[in-house]
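Below: the structure, in structure tokens.
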């Protein structure tokens, strides 16, 4: 049976899961964050000393190691063993246990949680839950000597105890040095980060040329549309707004003049839309090897690239590539709805923007767990290289984490995808004829 240690071990549901694990595997459940006693009299000196020793060891753990399990908490289970949970006699109150422990722990010792699960009318399983250790805390020594029948249960005034793989033992020199370092603020071990770009860095040719061609075609079509018998092109949208009479020649001239004035900005928006809807999105996978990273911020810079909002091609709207001279207002005409990007919740951990030359992507996950990849989706943004000749682009990154002034840096070279012609991109997304975009002259 495998015990999940992703949750905080507080509350009856969490305690029941821990108890089931202990009953299933017995002493094999014991680790740096979990200790098991089949029985213990907490009203006696031996029982009190054993709890004190566990709490001392748990308080003298290193934060970056403890945080990997139970969010840094450690648990002592009393009254269970392999195959059964007989419990211990009911009756002990938390404040009574605190009073018994204080001579061993001292007045500055961190508080602990006390829980219980009922076995029957006279017995219960007890849970002593130690708080997560914190950077800046000094070592916590024992404050009172206790000589037990078994020397392994003894405590010495002034001794420092730490958690081993499955027990609590006196600190060695390396343990003491690490605790001194913890007291100074907890200098964290260097990070080893693996970064992978998931999804393509695209290259697209002749986008502006294509858009100029289809805008020229729209200009010409609008001027001849009302006198020509040729059926309207799929690229030519309704020139008569819903519920209105046909435009007069003067109105047509005014609309065309206004449309021509906005041509530059419309082409820029059409370019963004076409690349966002026609290209595959990109994502990032980050893995921390060896240790937990709390609240990291990772800033990626894609050098000599552009970024565009990813859009679902299934709902592509041609109006957003080629702004018609007169937009249709009929809600029942396909393709007249507004372009809507996928809404993202507050605190979404991915942000991006294009600068003059580069793209900056900022990742803000809640944490990076050791050796567990954290990935973004491929439906956030599209990356396009500015240089058509570039077979790779340079991506540099910096990582900072909570409670640390250290900046971790890295750089990778990411291969680019083969160059795509903008006309091919347009025809792939929208089922139009080459004649409708200037006879394919942008190819």
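The numbers here are math on the coordinates, done by the rules we state, and not lab data. Here the structure is a predicted model, which is why all the values come from computation and not from measurement. Cβ atoms come from the backbone with ideal geometry, glycine included; neighbour counts cover every protein chain shown.
How far apart, in nm, are two points set 7 Å out from the Cα along the Cα-to-Cβ line at residue 41 and at residue 295?
Rounded to a tenth, the inter-label distance reads 4.8 nm.
What's the FRET efficiency of residue 208 with residue 260 using the Cβ-Cβ distance as r and R₀ = 25 Å, to the nearest 0.05?
After rounding to 0.05, the efficiency reads 0.90.
Once you have all Cα-Cα distances for the chain, histogram them in 20 Å bins from zero and send the whole-percent values.
Reading upward from the zero bin: 20, 33, 22, 18, 7, 0.
Taking Cα atoms, how many degrees apart are the long axis of helix 94-105 and the longest axis of the chain, rounded to 10 and kept between 0 and 90?
On a 0 to 90 degree scale, this one is about 80.
What angle do you read, to the nearest 10 degrees and between 0 and 90, between the alpha-carbon axis of helix 263-278 and the longest principal axis of the chain?
50 degrees
Let me check the size of the range 5-104 from its C-alpha atoms; what are the radius of gyration and Dmax in Å?
That works out to 13.6, 37 Å for Rg and Dmax.
Using only Cα atoms, locate the centre of the range 355-404 and the centre of the range 296-317, then give the distance between them in Å, rounded to an integer.
Each part's Cα centre sits 10 Å from the other's.
Over the chain, what relative contact order in percent results from Cα pairs under 8 Å that are six or more residues apart?
With pairs under 8 Å counted, the relative contact order is 16 percent.
What spacing in nm lies between the two simple spin-label points modelled at residue 403 and residue 424, each 7 Å away from Cα in the Cβ direction?
Placing both labels 7 Å beyond Cα along the Cβ direction yields 5.3 nm.
Could you tell me the calculated FRET efficiency between residue 157 and residue 248, based on Cβ-Cβ distance and R0 = 60 angstrom, to the nearest 0.05?
Working from the Cβ atoms, E equals 0.05.
In angstroms, what radius of gyration and Dmax does the range 83-233 have, counting Cα atoms only?
35.5, 109
If you build a Gaussian network model of the chain, linking Cα atoms that sit under 10 Å apart, which residue out of 290, 264, 115 swings the most?
Of 290, 264, 115, the most mobile in the Gaussian network model is 264.
Convex hull volume of the Cα atoms in the range 12-183, per residue, in Å³?
107 Å³
So what is the 222 nm mean residue ellipticity for the chain from helices alone, if each DSSP H run of at least 4 adds -39500 (n - 2.57) and you divide by all residues, rounding to the nearest 500 deg cm²/dmol?
-8000 deg cm²/dmol
Using the 2.2 N^0.38 Å rule of thumb for compact globular proteins, work out how the range 73-153 stacks up: its C-alpha Rg over that value, please.
Ratio of Cα Rg to 2.2 N^0.38 Å: 1.27.
Once you have the Cα-Cα distance between residue 413 and residue 165, take 0.36 nm times their residue separation minus that, and quote the gain in nm to one decimal.
85.1 nm
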